[in-house]
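Since the structure comes first, as structure tokens, the remarks are kept for the end.
The values are calculated or read from the model by the stated rules, or taken from the named source; none is laboratory data. Keep in mind it's a predicted model, so treat the numbers as computed, not measured. In this analysis, Cβ positions are derived from the backbone assuming ideal geometry, glycine residues included, and neighbour counts consider all displayed protein chains. Note: accessible area is taken over every heavy atom of the protein model, side chains too, but ligands, DNA and RNA are not part of it. Shrake-Rupley method; radii C 1.70, N 1.55, O 1.52, S 1.80 Å.
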Amino acid sequence: MSREMDKPLISLHLVDSDTSLAKVPDEAPKVGILGSGDFARSLATRLVSSGFKVVVGSRNPKRTAGLFPSAAQVTFQEEAVSSPEVIFVAVFREHYSSLCSLSDQLAGKILVDVSNPTEQEHLQHRESNAEYLASLFPTCTVVKAFNVISAWTLQAGPRDGNRQVPICSDQPEAKRAVSEMAITMGFMPVDMGSLASAREIEAMPLRLLPAWKVPTLLALGLFICFYAYNFVRDVLQPYVQESKNKFFKLPVSVVNTTLPCVAYVLLSLVYLPGVLAATLQLRRGTKYHRFPDWLDHWLQHRKQIGLLSFFCAALHALYSFCLPLRRSHRYDLVNLAVKQVLANKSHLWVEEEVWRMEIYLSLGVLALGTLSLLAVTSLPSIANSLNWREFSFVQYVATSSGGNTGSGSGRPEFQSQDPHLPALHHQTSVLGSRSFCCSLVSVSTPYGHREDLSWTR
Ligand code: NAP
């Protein structure tokens, strides 16, 4: 087991097959790493391939040397920290104190804290790991960085995933030096200010979809309410009133009836706050007032609510496709055929029902297509490739398709001399015209810049 753990994440065969890892020029800047675990190995590989000279400090260099690229020097901790100016501390917080014997050699150097606390440690310690390291080594400059990058990403190199590396330190020079290293390694440094921000940076990997909590609970609550209603209507009522056992409908049929209701309500909750925000701005006659907190939060969660609406609609489509596959449906068909034969009817064709179903299906497919378009344009890679006009256009076309039924020119019907109000003309024109719910895409925020109020941004 322990031998398994000693293996690098990517085999050294692959690592050393890259000739750039075999030799680094003598004049290359030297970087130290304390620790020889997963993170240290990946970091050494990335640093070597980015043109740095790497010296790794281990308590047992003989045991670990074979796990590093051949261009990296693996030696004892004392030797490793003697010459580099920047030293990465790739050990866990509880072992920081074991490094105190190196205090003299480390004096005046930059220590990069890459550690991540567990959730329990994060709650337990009031000071961040980086601040704790700084308190142990007061003669060093501590920089918090790279903790949000996994060992795997480091070794494989930044590709499509998130390249951002939040960095903080009390020393701007040290922060700049580490930021430049991050750029050379292919990452994008994000300046988070002083070392006091380290706790916030350390909390980042602990987060679990914080923006999704409220929208998910909302969707779940709506689902339970609608499911209960449909259960009473489609299952309980026939059972009580007619003694018909329709409990088989619970897993598929009732779920399928519930999903579009949830999708519709969620979709309306995406656009409703935009209408409320616009109305509020019109009433106040200015955009330079903060929205109430509840509205602000609501506006910020529109993207998640919209994607959940799309998820419910997509599930509804899948369930609908599966309906004819159910055994109960086949029994129903056979029973109907038998009844027809017994009634001596050879041809069953109800024109109105046929048309109704054709239109129903067609509208359903169109609605799902529209919702898919909105969902796809909410993907950051696609949204970022569109300019503001293109994005608004997609939003407008997608949300107004089929909705323009009233009268109105669509031009501003509300003019004012107030310099703040031109920002409201768009909403006013929209409110004055017919499809206002789909055009609330350019309300000015209380923060003084234009922000999209449609759900995809
Ligand atoms: P690991 O595989 O367990 O390695 C930890 C290393 O610490 C050991 O290999 C050991 O190297 C060294 N060490 C130094 N003093 C020690 C002591 N007194 N007792 C035990 N070990 C000691 O852990 P890791 O995954 O590389 O993580 C290292 C640090 O990087 C942690 O702070 C972690 O939070 C952070 N990090 C890791 C990842 C990741 O994906 N793994 C991502 C982000 C941040 P020697 O035996 O050679 O001295």
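Observations on the structure shown:
- Qualifying residue in segment 150-163 (condition: farther than 17 Å from Phe52 by Cβ, buried (at least 22 other Cβ atoms within 10 Å of the Cβ) and either within 16 Å of the ligand (Cβ to nearest atom) or in contact (Cβ under 8 Å) with a residue 40 or more places away in the chain (or both)): no
- With a requirement of 3 or more residues that are away from the ligand (no atom under 16 Å from the Cβ) and in contact (Cβ under 8 Å) with a residue 12 or more places away in the chain, the helices (runs of 4 or more DSSP H) lying completely within segment 168-237 that satisfy it span 172-184, 213-231.
- Of all residues in segment 32-64, those satisfying the criterion of being more than 10 Å from the ligand (Cβ to nearest atom), surrounded by fewer than 24 Cβ atoms within 10 Å (Cβ to Cβ) and not charged (D, E, K, R) are Ser49, Ser50, Gly51, Phe52, Val55.
- Within segment 90-111, the residues that satisfy the criterion of being away from the ligand (no atom under 13 Å from the Cβ) and in contact (Cβ under 8 Å) with a residue 12 or more places away in the chain are Ser103, Gln105, Leu106, Ala107, Gly108, Lys109, Ile110.
- One residue from Ile382, Ile359 being open to solvent by 50 Å² or more (accessible area, probe 1.4 Å), of a type in the set (Val, Ile, Thr) and modelled with pLDDT under 90: Ile382
- Count of residues meeting criterion [open to solvent by less than 50 Å² (accessible area, probe 1.4 Å) and either of a type in the set (Gly, Ala, Ser) or over 20 Å from Glu79 (Cα atoms) (or both)] in segment 108-120: 3
- Helices (runs of 4 or more DSSP H) wholly inside segment 265-352 containing at least 2 residues that are within 21 Å of the chain's Cα centre (by Cα) and surrounded by fewer than 16 Cβ atoms within 10 Å (Cβ to Cβ): 293-300
- Test: Glu85 is more than 12 Å from the ligand (Cβ to nearest atom) and either of a type in the set (D, E, K, R) or more than 36 Å from the chain's Cα centre (by Cα) (or both): yes
- Index of the failed condition, Lys339 passing every other in (1) more than 23 Å from Asn256 (Cα to Cα); (2) in contact (Cβ under 8 Å) with a residue 24 or more places away in the chain: (2)
- Restricting segment 53-80 to residues that are outside any helix (DSSP H, G or I) and in contact with a Lys or Arg (Cβ under 7 Å, 6 or more places away or on another chain), the residue that is farthest from Lys144 (Cα to Cα) is Ala71.
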